[in-house]
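Notes follow the structure.
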Amino acid sequence: MSTNVLEDVSFTIEPGQCLAVLGNNGVGKSTLLKCINRICSIQAGSIYIDGKDAYKMKNKILAQNVAYVSQKSENSNMTVFDTILLGRKPYIDWDITAEDRQIVSDLIDQMGLNEYTLRDVSTLSGGEAQIVMLARALAQQPKVLLLDEPTSNLDLRNQHEVLKIIRNLAETNEICVALVIHDLNLAIQYCDRFLLLKDANVYSNGGIETITSESIGSVYGIEVEIIEHKNKKLIISNNY
Amino acid sequence: MSNITSEQIDLYNRYIRRKRWILFVTFILMIFFALFAMSVGSIRLSFLDILKTLAGQGDQLSNTTIWQIRLPRVLAAILVGAALSSAGAVMQCVLRNPLASASTLGVSQGAAFGAALGIVVFGGGVVNSANATSAITINNPYIVTLCAFVFGSVSTLIVIIISRFKRNIGPAGLVLVGVALSSLFGGGSTLLQYFTDDTKLGAIVFWTFGNLGSANYKELIVMFIALSLTIVYFMLNRWNYNAMESGADTAKSLGVNTRSIMLVSMTFCSLLSAIAVSFVGIISFVGLVAPHIMRRLVGNDYRYLLPSSALAGSLLLILADTFGRSIVAPVILPIGALTAFLGAPMFLFLLFKGGENNYSGK
């Protein structure tokens, strides 16, 4: 017997926006991201990217439009340069071109990875490895960037570092970013749209005004208090 | 910024040039030892004699020794080594399993059973005592190859089904599947041997040791065509394999149709293993060892790993065969036993390292 992971989900993201997908474990956040770039497939409905049906695109074209960084990247024992170069895969016909090498090199520079160019990614710290994965996704020159828990294995400094990079990228490159994140305070600090999922459905979808103690309480099943600190919302749990 | 950028590219280009050098050196070593292998034996020939003979300028003795005996043997080592190793490298990638190879997953044993069935029921293997180096000939190589392919594919199919439906089985678990399949097909082969006549029994037993001397030019051409087509397919997909090294989800997000690549690649791998097994018998572990040595030297980049694994496999088989022919000459040690001596320690090493699920065993 099969059950639907997600039903009746509808939302849009504009270029330059950062959408946080929020909800309890197992609600289907990761599945939602995976449906956008066809890692999982949808049984009904449609997904449009820049006005084109994602489910009618060729694999290669879809990969030129949508990039994805999974929750846990497998250890592939490749160098930083080679890993980022993989992001050029959707553009490679027979072999890489000087342009591909240039794009990778620029990204290494932009992300501050210069001293790690030929280092094996598995020898880097969690934060550095996450930045390499982001760089690989950016090498795809996507219109949409999907990030599944990009900060889950990072320390506090790296969490902010990585989210700052993502935020800047969304704005400067006009990329639509959708990210699954568990830390609500990080989400409200770096994202501008919030999709709250509950019981396989959308509970709410909108700007910061949708983040209230009622909505969080209802979605996560805990009591929270939202306070203002330096003109920013801060969520504090009352369950202690 | 542009200076830093061009520095990065220079650094990477140097790194790539190093891989090309390793590839070139492996090729030169392979050619050198191929000539060396043709020079050693009961009739010693110098490199000059060999080159002259190959150029059509040799005397009758050299002509017979090289063209009839040693060249087909060396060519068999080159083709079988390349076939098993490139298949091993690709299996390790598409199954995400560092322990994968035709022999550890039971594909070779399945093919061996199929080939034995082909010999006993359809074609028939005969002992040809007129020619010591090709003691076993298979009357109808195509039906034997076909049977080997069918049963090699049965093993492959079972491995694919189990790896798809029991995803947490892990590398070692999948090898246990290989052990079960090997036992099953080994048992089948034993039953065939038990009920067959002495001539065919001799044929099967001798042939399952692995013997490079049993290949003739006709078989070598079949092997060459199959290997060339497969290598072209593998090389066309080298970027897909690179993407699959980062996991299925990442590969899919990079536009790779992982399911079809896996199925077609595994079919080609079982075809290569089946042809290798049906022409020269079971040669274990080359498909496991050669790719792992080259992963250490050129990394997991399939642009270089595929050709270098093929060359390393050829080189390993040439070395093992030359060693087997010369160590207790005139007795020729079965090559399957020698490669097992080489491969088993490597296999155990990888098994112990297996917990890290790490290809290069670091």
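Taking every C-alpha pair closer than 8 Å and separated by at least 6 residues, the mean separation divided by the residue count of segment B:2-356 gives a relative contact order of 29 percent. The solvent-accessible area of B:Lys200, taken with every protein chain present and a 1.4 Å probe, is close to 50 Å². Principal-axis analysis of the Cα atoms of chain A puts helix A:126-139 at an angle of about 70° to the longest axis. P(r) for segment B:14-78, from all Cα pairs and a bin width of 10 Å, is 21, 45, 19, 12, 3 %, short bins first.
The equivalent ellipsoid that matches the C-alpha gyration tensor of segment B:193-325 spans semi-axes of 33, 18, 13 angstrom, in descending order. Backbone amide hydrogens, once placed in the peptide plane, bring A:Tyr68 within less than 5 Å of A:Leu146, excluding anything fewer than 5 places away on its chain. The amide H of A:Lys198, built 1.01 Å from its N in the peptide plane, has A:Tyr203 as neighbours under 5 Å, considering only residues 5 or more places off or on other chains.
A straight Cα-to-Cα reach below 17 Å connects A:Lys58 with the lysines A:Lys34, A:Lys89, A:Lys143, B:Lys252, residues fewer than 8 places away in its own chain not being considered.
With all projection directions averaged, the alpha carbon convex hull of chain A covers 14.8 nm².
Looking at the P(r) of segment B:2-356, how many percent of alpha-carbon pairs lie beyond 34 Å? Distances greater than 34 Å cover 26 percent of the Cα pairs. Screening chain B for whole DSSP H helices with an alpha carbon extent of at least 24 angstrom along the helix axis and a mean Kyte-Doolittle hydropathy of at least 0.0 yields B:2-39, B:71-94, B:141-165, B:170-195, B:217-236, B:258-280, B:302-326, B:335-353.
Only helices enter this figure: runs of n ≥ 4 DSSP H residues, each worth -39500 (n - 2.57), summed and divided by the residues of chain B, yield -24000 deg cm²/dmol at 222 nm to the nearest 500. How much accessible area does B:Arg73 have with a 1.4 Å probe, in Å² rounded to the nearest 10? Approximately 20 Å² of B:Arg73 is accessible to the 1.4 Å probe. Between helix A:98-110 and chain A there is an angle of about 50 degrees, using the helix long axis and the longest principal axis of the Cα atoms. Among B:Thr26, B:Thr258, B:Thr322, the largest mean-square fluctuation in a Gaussian network model of chain B, built with springs joining Cα atoms closer than 10 Å, belongs to B:Thr258.
Pairwise alpha-carbon distances in the protein assembly as shown exceed 37 Å for 44% of all pairs. For A:Gln17, the residues whose modelled amide H falls within less than 5 Å of its own, excluding neighbours fewer than 5 places apart on the same chain, are A:Val177.
The values are calculated or read from the model by the stated rules, or taken from the named source; none is laboratory data. Since this is a predicted model, take the numbers as computed values, not measurements. Ligands, DNA and RNA are excluded from the accessible area calculation, which covers all protein heavy atoms including side chains. Shrake-Rupley method; radii C 1.70, N 1.55, O 1.52, S 1.80 Å.
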